[in-house]
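The values are calculated or read from the model by the stated rules, or taken from the named source; none is laboratory data. Quantities reported herein were computed from a predicted structural model and do not represent experimental measurements. All Cβ positions, even for glycine, are placed from backbone atoms using ideal geometry, and neighbour counts span all protein chains on display. Each accessible area value is taken on the protein alone, full model and side chains, heavy atoms only, with ligands, DNA and RNA left out. Shrake-Rupley method; radii C 1.70, N 1.55, O 1.52, S 1.80 Å.
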Amino acid sequence: MSANHAIVIIGGGPVGATLALSLLSRGIACTLLEARARGASHHDQRALALSYGTRLILQRLGVWEPLAAHATAINTIHISQRGSIGRTLLQAEDQGQEALGYVVSYGALTSVLDQALANHDGAQILHEAEVSEVLPGSAGTRVIFSQRGRSIVLDAQLAVLADGGRSLGSIPGLERETREYGHDALVSKVSAELPHNNIAYERFTPAGPMALLPNGERDFSLVWTGEQQAIQQVLALDDEVFLTELHRHFGDRVGRFLSVGKRMSFPLRLSRLNPVVLPHFAVIGNAAQTMHPVAGQGFNVGLRDAWELSLQLAEAAPATWGETSMLHAYAKTRQRDTRNGLLFTDFLVNIFSNEILGVSGLRGAGLGLLDIASPAKRFLINKMSFGARG
Ligand SMILES: Cc1cc2nc3c(=O)[nH]c(=O)nc-3n(C[C@H](O)[C@H](O)[C@H](O)COP(=O)(O)OP(=O)(O)OC[C@H]3O[C@@H](n4cnc5c(N)ncnc54)[C@H](O)[C@@H]3O)c2cc1C
């Protein structure tokens, strides 16, 4: 079977679903193909750090209100460095912002997005629809997927890949630059003796950065990064030893750690697709760029891809959707934000964590200086809150 569709989105994760919702809210019909069964992602406890700018986008799409009950505000970011007394505090009230950002679970976010999509007439959302091939061409992009044992072919005027970057192999014409950090991130939920008071802790250690994000009334989401072998060893510890080790590594800011949930790890890499568009084809979200999670930039940059693409499509005449000039205009608007996100993240990883520099005293002083240098602080807050537009 083959059918013609104007816009086909591949992947209904938070980025693909946001694109679909944003298009539908502008009266633009689209077809979304998602490999997982309906609702399969709604229990995913992975914690996502949403910037304040992301909240504003979700608010405009009408999904912030149902999500707010599941979001924990970050009012202060406490940045410190192991072995140094330097530290800096970024505070929402200094900026006149309600919050610097929010922590939500992946499941809560996809659940409100899916619900909002279901409320739209004209949304064609196909679950258990796994795409095996995309074939961009000069007249359109052919998308081949299977659903419940049936093989289906769609011809799209514009196909948008938002699959998180893990499913489809290389696509001719698109190059992926990848830098492996050789580090893993361990993520889990932990509870501690002291309440979080809506403070997110970023701690830089010679082994790699770690973060404790407030999540729920008392819990924290932990991101602990380090060399692959070291993180795999920590992953295998029994709970009690793990909690003691975490306390030793993180220090005493929130007292002792009391419990830890399921632990999982994933490899850290910086990767970027270049270009991100071909005629009748665009790649957005994690599929287009992957960043180290240190500054919570990656997901937010991906969401801005979806938002910006929907704006460009809404402004263009439908007959031009997918044309080279239209997609190049989109790619141009995203270039600076993506590059800055990648550079900023890489800068943080290197300046604070890399022992090659051998100047930890200077870096400690750097944090202290940052605390009194308000333009630098404002830059950091804007970057974390809004990305390139901050
Ligand atoms: C294991 C892991 C843990 C992470 N932990 C954190 C964390 O703790 N904090 C944080 O901020 N970020 C974390 N991230 C990053 C974060 O998950 C991403 O930034 C975010 O999910 C990107 O959203 P996305 O919609 O681009 O991609 P995804 O969330 O990956 O969504 C892609 C969607 O496409 C679907 N799909 C894939 N292939 C196909 C196909 N062939 N056909 C149809 N559908 C397809 C998938 O089922 C999925 O629903 C983690 C990433 C991974 C891989």
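Taking segment 143-164 as the range and being more than 9 Å from the ligand (Cβ to nearest atom) and of a type in the set (D, E, K, R) as the test, the residues that pass are 148, 150, 155. Listed conditions (1) open to solvent by 50 Å² or more (accessible area, probe 1.4 Å); (2) over 21 Å from residue 15 (Cβ atoms); (3) in contact with a strand residue (DSSP E or B) (Cβ under 9 Å, 6 or more places away or on another chain) are all met by residue 132, apart from (2).
Taken over segment 50-67, the residue count meeting the criterion of being in a strand (DSSP E or B) and under 15 Å from residue 119 (Cα atoms) is 0. Just one of (1) at pLDDT 95 or above; (2) on the phi < 0 side of the Ramachandran plot; (3) surrounded by fewer than 15 Cβ atoms within 10 Å (Cβ to Cβ); (4) not aromatic (Phe, Trp, Tyr) fails for residue 197. It is (2). Restricting 313, 235, 309 to residues that are within 16 Å of the ligand (Cβ to nearest atom), part of a helix (DSSP H, G or I) and under 19 Å from residue 17 (Cα atoms) narrows the list to 309.
Kindly indicate the residue of segment 170-190 that is open to solvent by less than 60 Å² (accessible area, probe 1.4 Å) and under 21 Å from residue 137 (Cβ atoms) and also modelled with the lowest pLDDT among those meeting that condition. Restricting to residues being open to solvent by less than 60 Å² (accessible area, probe 1.4 Å) and under 21 Å from residue 137 (Cβ atoms), the top hit is 171. Within segment 20-49, the residues that satisfy the criterion of being away from the ligand (no atom under 16 Å from the Cβ) and either buried (at least 16 other Cβ atoms within 10 Å of the Cβ) or outside any loop (DSSP other than H, G, I, E, B) (or both) are 24, 25, 28. The number of residues in segment 301-331 being of a type in the set (D, E, K, R) and free of Cβ contacts under 8 Å to residues at least 60 places away in the same chain comes to 3. Checking the structure you have, find out if any residue of segment 83-97 is open to solvent by 70 Å² or more (accessible area, probe 1.4 Å), closer than 23 Å to residue 268 by Cβ and part of a loop (DSSP other than H, G, I, E, B). Taking every residue of segment 83-97 in turn, at least one turns out to be open to solvent by 70 Å² or more (accessible area, probe 1.4 Å), closer than 23 Å to residue 268 by Cβ and part of a loop (DSSP other than H, G, I, E, B).
Yes/no matrix, rows are residues, columns are (1) at pLDDT 95 or above; (2) under 27 Å from residue 187 (Cβ atoms); (3) among the charged types (D, E, K, R):
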residue: 1; (1), (2), (3): no, no, no
residue: 5; (1), (2), (3): no, no, no
residue: 16; (1), (2), (3): yes, yes, no
residue: 49; (1), (2), (3): no, yes, no
residue: 63; (1), (2), (3): yes, yes, no
residue: 71; (1), (2), (3): yes, yes, no
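Among the residues of segment 112-129, those identified as surrounded by 20 or more Cβ atoms within 10 Å (Cβ to Cβ) and small (Gly, Ala, Ser) are 116, 129.
Yes/no per residue for (1) without any contact (Cβ under 8 Å) to a residue 60 or more places away in the chain; (2) assigned to a loop (DSSP other than H, G, I, E, B); (3) within 17 Å of the chain's Cα centre (by Cα):
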residue: 212; (1), (2), (3): yes, no, yes
residue: 241; (1), (2), (3): yes, no, no
residue: 255; (1), (2), (3): no, yes, no
residue: 270; (1), (2), (3): no, no, yes
residue: 294; (1), (2), (3): no, no, yes
residue: 299; (1), (2), (3): no, no, yes
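The single condition among (1) within 16 Å of the ligand (Cβ to nearest atom); (2) over 22 Å from residue 48 (Cβ atoms); (3) touching a residue at least 40 places away in the same chain (Cβ under 8 Å); (4) surrounded by fewer than 15 Cβ atoms within 10 Å (Cβ to Cβ) that residue 167 does not satisfy is (2).
In summary, residue 52 fulfils each of the numbered conditions (1) more than 30 Å from residue 150 (Cβ to Cβ); (2) more than 17 Å from the chain's Cα centre (by Cα); (3) open to solvent by 20 Å² or more (accessible area, probe 1.4 Å) with the single exception of condition (2). Restricting 263, 304, 334, 269 to residues that are open to solvent by 10 Å² or more (accessible area, probe 1.4 Å), within 12 Å of the ligand (Cβ to nearest atom) and over 26 Å from residue 184 (Cβ atoms) narrows the list to 304. Just so you know, in segment 315-331 the residues that are surrounded by fewer than 18 Cβ atoms within 10 Å (Cβ to Cβ) and within 24 Å of the chain's Cα centre (by Cα) include one that is farthest from residue 159 (Cα to Cα), and it is 329.
Every condition in (1) out of contact with any Pro (no Cβ under 7 Å at 6 or more places or on another chain); (2) open to solvent by 30 Å² or more (accessible area, probe 1.4 Å); (3) modelled with pLDDT of 95 or more; (4) not polar (S, T, N, Q) holds for residue 279 except the one numbered (1).
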